[in-house]
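Report on one structure; see the data block that follows.
The values are calculated or read from the model by the stated rules, or taken from the named source; none is laboratory data. On a predicted model such as this, the values are computed, not experimentally measured, just so you know. All Cβ positions, even for glycine, are placed from backbone atoms using ideal geometry, and neighbour counts span all protein chains on display. What goes into the accessible areas is simple: the full protein's heavy atoms, side chains included, and nothing from ligands, DNA or RNA. Shrake-Rupley method; radii C 1.70, N 1.55, O 1.52, S 1.80 Å.
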Amino acid sequence: MKVIGINSSPRKKANTQTLVKAVLNGAEKNGAETRMVNLREMKINGCLGCEGCKKHLGKCVQKDDLTTLLQDLTEYDAIVLGTPVYWFHVSAQLKMLIDRLYCFMEHTDPETGEAVMRFEFPAGKKFITIVSRGDNEPAEVLPQLYDHLNEWLNIIPLSLGAGSIEFLHQYGAEIDRKSAKNDVNLIEKAMALGEKL
């Protein structure tokens with residue numbers, strides 16, 4: 001099995017990276033081949049909405065580090081997406097990656113012109129989404145915005161035809177970048193998710 005972990009935190013060696021790595025360690029323990037990607041180290045452009053990808057579905061016409069990563073994602077059996085929560089949503093780095101997944105989406109049948117919605121992305125992949133946030137659970141301020149975030153994050157793997165979807169949440173991290181590392185129970189949960197892959 002091949003597993004890729006994507007850390008979208010702009011902070012080095014912080015909670016999101018720690019948890020993504022723990023999942024990968026669990027997967028390695030059971031013989032999986034793993035790869036860690038830190039989006040903060042990549043040159044990433046946002047989606048241009050140019051529709052160039054509709055001429056060759058699944059191929060983004062831009063030339064940056066995401067161009068290759070998008071193709072690489074199709075080769076993995078499991079994808080681990082990790083994000084901190086900024087302003088009640090995912091990091092800017094993860095949002096740019098998700099927007100660029102548009103290259104796999106077809107919204108018009110090329111023969112009939114009728115509206116459709118399908119993804120040219122290999123179905124059946126296992127997804128794990130890791131969310132690290134500063135607020136406690138339940139949130140004291142604007143808790144309904146976290147409900148929205150969880151629903152939105154669930155749509156991504158569903159749209160891509162996921163075979164399974166798992167979530168791991170870290171609550172109450174505040175700005176302590178070592179809070180996940182110091183939470184033995186949370187690290188064990190992350191590793192168990194990786195072993196389960």
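Annotations
- Residues within region 19-30 that are touching a residue at least 24 places away in the same chain (Cβ under 8 Å), more than 16 Å from SER91 (Cβ to Cβ) and either basic (Lys, Arg) or crowded, with 21+ Cβ neighbours inside 10 Å (or both), tallied: 6
- Apart from one condition, GLY134 fits all of (1) closer than 21 Å to PRO10 by Cα; (2) in a loop (DSSP other than H, G, I, E, B); (3) modelled with pLDDT of 95 or more; (4) open to solvent by less than 50 Å² (accessible area, probe 1.4 Å); the exception is (3).
- Looking across region 137-183, just one residue is touching a Pro at 6+ places or on another chain (Cβ under 8 Å) and either of a type outside the set (Gly, Ala, Ser) or not in a loop (DSSP other than H, G, I, E, B) (or both), and that is ILE165.
- Unique match (being on the phi > 0 side of the Ramachandran plot and without any contact (Cβ under 8 Å) to a residue 12 or more places away in the chain) among GLY172, GLY113, GLY124: GLY113
- Check on ALA190, free of Cβ contacts under 8 Å to residues at least 12 places away in the same chain, farther than 18 Å from PRO10 by Cβ and either open to solvent by less than 40 Å² (accessible area, probe 1.4 Å) or aromatic (Phe, Trp, Tyr) (or both): no
- Applying the criterion of being open to solvent by 20 Å² or more (accessible area, probe 1.4 Å) and either touching a Lys or Arg at 6+ places or on another chain (Cβ under 7 Å) or among the hydroxyl-bearing types (Ser, Thr, Tyr) (or both) to the residues of region 37-66, the residue that is nearest to PRO122 (Cα to Cα) is CYS60.
- Pairing residues of region 31-60 that are over 12 Å from MET96 (Cβ atoms) with residues that are in a helix (DSSP H, G or I) and of a type in the set (Val, Ile, Thr), at Cβ distances under 8 Å and at least 6 apart in sequence or on separate chains, gives MET36/VAL20.
- Of all the listed residues (GLU140, GLU106), the sole one being farther than 24 Å from ALA27 by Cα and touching a Phe, Trp or Tyr at 6+ places or on another chain (Cβ under 9 Å) is GLU106.
- Residue check for THR16: crowded, with 22+ Cβ neighbours inside 10 Å and touching a residue at least 24 places away in the same chain (Cβ under 8 Å): yes
- Enumerated strands (runs of 3 or more DSSP E) restricted to region 28-130, each holding at least 1 residues that are at pLDDT 95 or above: 33-38, 78-84
- Looking only at region 100-128, and only at residues there that are exposed (fewer than 15 other Cβ atoms within 10 Å of the Cβ) and of a type in the set (Asp, Glu), the one that is nearest to GLN71 (Cα to Cα): GLU120
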